[in-house]
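J.: Can you read through this structure? Questions will come right after.
The values are calculated or read from the model by the stated rules, or taken from the named source; none is laboratory data. The model shown is predicted, which means the values in this text are computed figures rather than measured ones. Ideal geometry is used to build each Cβ from the backbone, glycine not excepted, and the neighbour counts take in all protein chains shown.
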Amino acid sequence: MDTRVKKGHNVVLMSNHQTEADPAVIALLLEKTNPHMAENMIYIAGDRVVSDPLCKPFSMGRNLLCVYSKKHMCDVPELVDMKRRANTRSLKEMALLLRRGSQIIWIAPSGGRDRPDPATHEWQPAPFDVASVDNMRRLVQHAGVPGHIYPLAILCYDIMPPPPQVEKEIGEKRVISFHGAGLSIAPEISYSDIALGGDEEEAKSVYAKALYDSVNEQYKVLKAAVHGKQGLGASTPTILLSQPWTYVTRTRSGGQSNQKVQNQ
């Protein structure tokens, strides 16, 4: 993945989203094994990372493009137009960056943070928004340089879990603690390989589901490693766990798979 970026290609990481600390956690987990990614990754972040005093410290030193989530777009009716204009500016900036090439962009197409299932109280990645996935895919496709989309899973909600329900106001109650965290990046998923013929709208849904299913699969392995206390023993034939200080690559079909998991 790093090699592609250094050759001028764009890389987009479609990820689940657990807390406002995600950018800081990702950078910390990558800094030993992939320092270029850790330093240069651009995060598509919600406005709370720069407006909530508790969340601001986690964003310091990170490269951010801020957008307003669909979930909070209409919280204050008189601010809707301002939020839409701000999102348009961020979209244009993202398109310009992608045209330059060599960009690493992290985005959470669920439009918000993961939350526990009300019935089981188990945490799981929130479903991806099909339109958000497709908008990002088309930006990559029309950038004029090669682009690649990878599914990424992160597990770190215990560090600063969000409240069970979506809050409209800044200042929600938060609890911060020390806990293990995990990160996994799976091989690239190409739209052309997933959506072969058929209805275009159906193809968009199939592609978004393929990315989400990969994130979900990786998340289960991270959960077994961190919360199930299996550590590296939670590895599977397709997901190889390692620690940041003992990074191992797995070869697959004669080449590097770019699949890795780091947890600490």
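J.: Being of a type in the set (S, T, N, Q), part of a loop (DSSP other than H, G, I, E, B) and at pLDDT 85 or above is the filter; apply it to segment 160-203 and report the residue that is farthest from Pro244 (Cα to Cα).
T.: Taking the candidates together, the pick is Ser190.
J.: If you take the residues in segment 10-45 that are assigned to a loop (DSSP other than H, G, I, E, B) and surrounded by fewer than 17 Cβ atoms within 10 Å (Cβ to Cβ), which one is nearest to the chain's Cα centre (by Cα)?
T.: Checked segment 10-45; the qualifying residue nearest to the chain's Cα centre (by Cα) is Glu31.
J.: Further, regarding this structure: Being at pLDDT 85 or above and touching a helix residue (DSSP H, G or I) at 6+ places or on another chain (Cβ under 7 Å) narrows it down to one residue among Glu93, Glu31; which is it?
T.: Glu31
J.: Please find, within segment 51-77, the residue that is modelled with the lowest pLDDT out of those that are within 24 Å of Ala131 (Cβ to Cβ) and in a helix (DSSP H, G or I).
T.: His72
J.: Would segment 82-96 turn up any residue that is assigned to a helix (DSSP H, G or I), without any contact (Cβ under 8 Å) to a residue 60 or more places away in the chain and farther than 30 Å from Gly144 by Cβ?
T.: Within segment 82-96 (the criterion being assigned to a helix (DSSP H, G or I), without any contact (Cβ under 8 Å) to a residue 60 or more places away in the chain and farther than 30 Å from Gly144 by Cβ), the answer is yes, since at least one residue qualifies.
J.: Scan Arg113, Arg100, Arg48, Arg84 and give me the residue that is modelled with pLDDT under 90 and either over 17 Å from the mean Cα position of the chain (by Cα) or surrounded by fewer than 19 Cβ atoms within 10 Å (Cβ to Cβ) (or both).
T.: Only one candidate passes the filter, namely Arg84.
J.: With the structure loaded, tell me whether Pro125 is in a strand (DSSP E or B), modelled with pLDDT of 90 or more and farther than 20 Å from Glu200 by Cα or whether it fails that test.
T.: no
J.: Please state which of the following conditions Val206 fails to meet, knowing it meets all the rest: (1) in a helix (DSSP H, G or I); (2) closer than 18 Å to Leu155 by Cα.
T.: The failed condition is (2).
J.: Within segment 177-217, work out how many residues are more than 20 Å from the chain's Cα centre (by Cα) and more than 22 Å from Ala131 (Cβ to Cβ).
T.: Qualifying residue count, segment 177-217: 2.
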